[in-house]
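The values are calculated or read from the model by the stated rules, or taken from the named source; none is laboratory data. Bear in mind the structure is a predicted one, so any value in this text is a computation, not a measurement. Don't worry about glycine lacking a Cβ; one is built from the backbone with ideal geometry, like all the others, and counts go over all protein chains shown.
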Amino acid sequence: MSEDSLVPSPEETILEVDGVEKHFGGITALDGVNLSVGPGITGLIGPNGAGKTTFFNCLTGFYTPEVGSIRFEGTDITGARPPAVAQQGMVRTFQIPRELSEMTVLENLLLAPPDQTGERLSGAWVRGDQFVEDELDVRERALEMADFFELDHLLDEPAGNLSGGQRKLLELARALLTDPEMVLLDEPLAGVNPTLEEKILERIHELEEQGYTFLFVEHDIDVIMEHCERVVVLHRGEVLTSGTPEEVQSDERVIEAYLGEVDV
Ligand SMILES: Nc1ncnc2c1ncn2[C@@H]1O[C@H](COP(=O)(O)OP(=O)(O)OP(=O)(O)O)[C@@H](O)[C@H]1O
Ligand SMILES: [Mg+2]
């Protein structure tokens, strides 16, 4: 295994994954994933079926790993449900489900993503006197977010009418409204036109500069090379290697893993 000089020091580690396994019947989707993630944008790549989405689901509590542990900001969150994980500060983006497609962009932004409402948001509602003030606050944040993602001219548009790229922006905006520290992006550029792709990547960098941490699954290796400081390669449910984009791209085992499993 190549030396990964970018492994975060214990003080810098935000997410620490140790020996995580996930099985579906006879299928081993994750076969002992070990990984430390520090600040910035970390790319997670691997051939189709490598286990990337399953890994995200284990991290955010949508699946429970049978073996292994997950620590986020020093707290053991293994087996925690999605709202508890979101409350700790880690969320993943979600495709906008059908029922939300009929709601407007503003309505989508006023609702936290399902199952991800952390105490940081929902706690506001139980302080009776503050109800109206907090409601205004939620609305103000939603409008700010719409502005940031340039969705402000679409506030009254049903989400279902948005283009693929605009929906991705809305997904990201909804995830950020839960007030996370770390956001897991599962192919945020899939089906997005080049102009919006640039916009999404710009926004991710701006958010990184504000202190957000990203784990970024993307199949386009050029995007990973340009936008990630560190890349982790998942292969058959295990971390094959990690390092700078250059190191990973020239690693024979990575090339073999892709050639062996992807139509090229
Ligand atoms: N809910 C499930 N039930 C059964 N098998 C599953 C389930 N989810 C994932 N798998 C299997 O686990 C393995 C890993 O799948 P996963 O979707 O995590 O891969 P991936 O790396 O995200 O792939 P892609 O790049 O195509 O999105 C695959 O063999 C897949 O068929
Ligand atoms: Mg996937």
message = Leu151 - would you say it is among the aliphatic types (A, V, I, L, M) and farther than 22 Å from Met90 by Cβ?
response = yes
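Could you please let me know if Asn48 is in the same structural domain as Asp220 (by TED's automatic domain parsing) and modelled with pLDDT under 95? Lay out the reasoning, then the answer.
Values: in the same structural domain as Asp220 (by TED's automatic domain parsing): yes; modelled with pLDDT under 95: yes.
Yes.
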remark   = Scanning the stretch 81-99 residue by residue, the ones that are in contact with a strand residue (DSSP E or B) (Cβ under 9 Å, 6 or more places away or on another chain), more than 16 Å from ligand 2 (Cβ to nearest atom) and touching a residue at least 60 places away in the same chain (Cβ under 8 Å) total 3
task = Return yes when Val67 is of a type in the set (A, V, I, L, M, F, W, C) and surrounded by fewer than 21 Cβ atoms within 10 Å (Cβ to Cβ) and no when it is not.
result = yes
message = It is to be established whether one or more residues within the stretch 231-241 are among the acidic types (Asp, Glu) and assigned to a loop (DSSP other than H, G, I, E, B).
response = no
task = Could you please find all residues in the stretch 180-196 being of a type outside the set (A, V, I, L, M, F, W, C), more than 13 Å from the chain's Cα centre (by Cα) and either farther than 24 Å from Leu234 by Cα or not in a loop (DSSP other than H, G, I, E, B) (or both)?
result = Asn193, Pro194, Thr195
ask   = Quick one: would you say Leu207 is modelled with pLDDT under 95 and closer than 14 Å to Pro39 by Cα?
value = yes
note = Note on the stretch 52-80: residues within 16 Å of ligand 2 (Cβ to nearest atom) and either in contact with a Pro (Cβ under 7 Å, 6 or more places away or on another chain) or not assigned by TED's automatic domain parsing to the domain that holds Arg236 (or both) are Cys58, Thr60, Phe62
task = State all residues of the stretch 159-214 that are small (Gly, Ala, Ser), within 16 Å of ligand 1 (Cβ to nearest atom) and in the same structural domain as Leu111 (by TED's automatic domain parsing); if no residue qualifies, say none.
result = none
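Give the number of residues within the stretch 159-179 that are touching a Pro at 6+ places or on another chain (Cβ under 6 Å) and assigned to a loop (DSSP other than H, G, I, E, B). Quick ask: steps written out before the conclusion?
Restricting attention to the stretch 159-179, the residues satisfying the condition of being touching a Pro at 6+ places or on another chain (Cβ under 6 Å) are 168, 174.
Adding the requirement that they be assigned to a loop (DSSP other than H, G, I, E, B) leaves none.
Number satisfying all stated conditions: 0.
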note = When (1) within 14 Å of ligand 1 (Cβ to nearest atom); (2) more than 16 Å from the chain's Cα centre (by Cα) are applied to Asp76, the one that fails is (1)
request  = Identify, from the list Leu234, Leu169, Leu207, Leu151, the residue that is out of contact with any Ser or Thr (no Cβ under 9 Å at 6 or more places or on another chain), within 16 Å of ligand 2 (Cβ to nearest atom) and not aromatic (Phe, Trp, Tyr).
outcome  = Leu234
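Listed residues Phe24, Phe56, Phe94, Phe62; which is closer than 23 Å to Met225 by Cβ and of a type outside the set (D, E, K, R)? Working first, answer last.
Working: Phe24 fails: closer than 23 Å to Met225 by Cβ; Phe94 fails: closer than 23 Å to Met225 by Cβ; Phe62 fails: closer than 23 Å to Met225 by Cβ.
On inspection, the qualifying residue turns out to be Phe56.
Which of the residues spanning the stretch 56-79 are of a type in the set (Phe, Trp, Tyr) and over 17 Å from Thr13 (Cβ atoms)? I'd like the intermediate steps shown before the answer.
Filtering the stretch 56-79 down to residues of a type in the set (Phe, Trp, Tyr) leaves 56, 62-63, 72.
Of everything in the stretch 56-79, those that are of a type in the set (Phe, Trp, Tyr) and over 17 Å from Thr13 (Cβ atoms) turn out to be Phe56, Phe62, Tyr63.
Of all the residues that make up the stretch 1-30, how many are of a type outside the set (Val, Ile, Thr) and either buried (at least 18 other Cβ atoms within 10 Å of the Cβ) or within 17 Å of Thr244 (Cα to Cα) (or both)? Walk me through it before giving the result.
Our first condition is that a residue be of a type outside the set (Val, Ile, Thr); within the stretch 1-30, this holds for 1-6, 8-12, 15-16, 18-19, 21-26, 29-30.
In the following step, the residues that additionally are either buried (at least 18 other Cβ atoms within 10 Å of the Cβ) or within 17 Å of Thr244 (Cα to Cα) (or both) were identified as 1-6, 8-9, 15-16, 22, 29-30.
Here the count works out to 13.
Let's see how each residue does on (1) away from ligand 1 (no atom under 14 Å from the Cβ); (2) among the acidic types (Asp, Glu); (3) assigned to a loop (DSSP other than H, G, I, E, B):
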{"position": "Pro10", "(1), (2), (3)": "yes, no, yes"}
{"position": "Val17", "(1), (2), (3)": "yes, no, no"}
{"position": "Val20", "(1), (2), (3)": "no, no, no"}
{"position": "His23", "(1), (2), (3)": "no, no, no"}
{"position": "Ala29", "(1), (2), (3)": "no, no, no"}
{"position": "Gly43", "(1), (2), (3)": "no, no, no"}
{"position": "Pro47", "(1), (2), (3)": "no, no, yes"}
{"position": "Thr64", "(1), (2), (3)": "no, no, yes"}
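Name the residue, out of Ala112, Ala84, that is at pLDDT below 85 and within 18 Å of the chain's Cα centre (by Cα). Walk me through it before giving the result.
Numbers: Ala84 fails: at pLDDT below 85.
Result: Ala112 is the single residue among Ala112, Ala84 that is at pLDDT below 85 and within 18 Å of the chain's Cα centre (by Cα).
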